[in-house]
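FYI, it's all coordinate maths here, none of it is from the lab. Please read these numbers as outputs of a predicted model, since none were measured by experiment. Neighbour counts run over all protein chains shown; Cβ positions are idealised from the backbone, glycine included.
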Amino acid sequence: MRRIDLHTHTTASDGTDTPAALVRNAAAAELDVLAVTDHDTTAAWDAALAALPSGMALVRGMEMSCVGRGEDGYPVSVHLLAYLFNPDHPALANERKRLRDARRTRIRVMAERMRADGVPIDTDQLFAEAGPAVGRPHLARALVSAGVVNSVPEAFNYHLSPRGPYYVRMDDTDLDSAVRMVREAGGVPVLAHARARARGRLLDVAHIEELAASGALAGLEVSHTDHSAADRKLLLSIAEQYALITTGSSDYHGANKHVRLGEHTTQSEQFDAIVAAGTGVGVVQR
Ligand code: AMP
Ligand code: ZN
Ligand code: FE
Ligand code: FE
């Protein structure tokens, strides 16, 4: 039985492990297959490959910031995992860059709002220390360093919350276009944690079904720490109805999140289906 974890982050986005540390920690966690899926960037791919220990396989991927149709009909933020796409596909590469720029602008504006309120955040330092894809967890760590809050999760309760006074929305990629672009780049689009209700409002199930019925969406992340048993059951039934791939993953962020590598895993035959559907880059086995 291969141990397969298909959703992890590095210092290229908002994880705290460098790409090399991530693959070492994955080996220590006895994973056989690891996907590196930073938000909106492929910047960790080469360093993860270079450090990949023998006996391990690396799936190159990302987690794209998208906007879908919420249950209430209004736009809602959703994450799309993309595996094995060609990083040089122009439309997708341009969109990744646009998203990273939007991330920086958004963090800068949130920090300005905090400073106006007397919360001391130095964005020059934040950007200097962060990788190419900055996010709210970087602001969270800056708030911890400044002694404003005691922990990263605490920062999300108020300072970084969508219901808080400093929150700025990001201009994310339309979910339908993102799924199409990932396919055009030879990639495999899998909806990440679609029922993670703690993050706020949820994606309309009808929107998932439309994407599945059109054949564009390849899979659903089912086993995830933010999904209840009922949520998993619902997602499994959708997957069954539309013959979608199902995955399970940790969504590891190092010290930024309390999940362990391999805390949730993907079944072998589901992983094989992802490999069979991907044509952009191959899985690298050491
Ligand atoms: P952003 O991409 O800038 O909107 O930030 C979202 C990131 O923050 C995701 O990677 C989440 O894992 C992380 N996040 C969201 N809510 C929390 C929370 N309550 N505690 C810790 N991390 C969180
Ligand atoms: Zn993240
Ligand atoms: Fe996510
Ligand atoms: Fe993630």
Compute the distance from the alpha-carbon center of the stretch 170-221 to that of the stretch 30-100, in whole Å.
13
Along the dipole axis of the chain (charges at Cβ: +1 for Lys and Arg, -1 for Asp and Glu; origin at the Cα centre), the most positive-end residue among ASN256, ALA185, GLN267 is ASN256
Pull out the extension gain between ARG197 and GLU154, defined as 0.36 nm times the separation in residues minus the alpha carbon to alpha carbon distance; nm, one decimal.
13.7 nm
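With +1 on each Lys and Arg Cβ and -1 on each Asp and Glu Cβ, and nothing else charged, work out how big the dipole of the stretch 98-157 is about its Cα centre, in Debye to the nearest 20. Could the numbers behind the result be given before it?
Numbers: 10 positive and 7 negative charges, 69 e Å.
With Lys and Arg at +1 and Asp and Glu at -1, about 340 debye.
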Could you check the spin-label model distance between ASN94 and ALA146? Points 7 Å from the Cα along Cα→Cβ, value in nm.
3.7
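I need the calculated FRET efficiency for the pair ALA243 and VAL168, taking r as the beta carbon distance and R₀ as 35 Å, to the nearest 0.05.
Values: r = 39 Å, r/R0 = 1.11.
E between ALA243 and VAL168, to the nearest 0.05, is 0.35.
If you filter the stretch 154-197 for trypsin sites (Lys or Arg not before Pro), then keep DSSP loop positions with at most 12 other Cβ within 10 Å, what is left?
On the way: sites: ARG163, ARG169, ARG180, ARG183, ARG195, ARG197; in loops: ARG163, ARG169, ARG195.
The qualifying sites are ARG163, ARG169.
With +1 on the Cβ of every Lys and Arg and -1 on the Cβ of every Asp and Glu, and nothing else charged, how large is the dipole of the stretch 102-239 about its Cα centre, in debye rounded to the nearest 20?
Details: 18 positive and 17 negative charges, 51 e Å.
The dipole magnitude comes to about 240 debye.
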Inter-probe distance in nm under a simple model that places probes 7 Å from Cα toward Cβ, at THR105 and ASP124
2.3
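Please identify the GluC sites (Glu not before Pro) of the stretch 52-95 that satisfy two criteria: DSSP loop assignment and at most 15 other Cβ atoms within 10 Å. Which are they? Walk me through the numbers on the way to the answer.
Numbers: sites: GLU63, GLU71, GLU95; in loops: GLU71.
Filter output for the stretch 52-95: GLU71.
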Using alpha carbon centers only, the stretch 154-168 is separated from the stretch 231-286 by a whole-angstrom value of 30
About its Cα centre, how strong a charge dipole does the chain have in debye, to the nearest 20, once Lys and Arg get +1 and Asp and Glu get -1 at the Cβ?
440
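Using the Cβ atoms and a cut-off under 14 Å, what net charge is assigned to the surroundings of THR266, where Lys and Arg are +1 and Asp and Glu are -1? Mind showing how you got there, number by number?
Working: positive: ARG2, ARG3, ARG232; negative: ASP5, ASP32, GLU221, ASP251, GLU263, GLU269, ASP272.
Local net charge: -4.
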Restricting the count to DSSP beta bridges whose residues both fall in the chain, what percent are antiparallel, rounded to a multiple of 5?
45
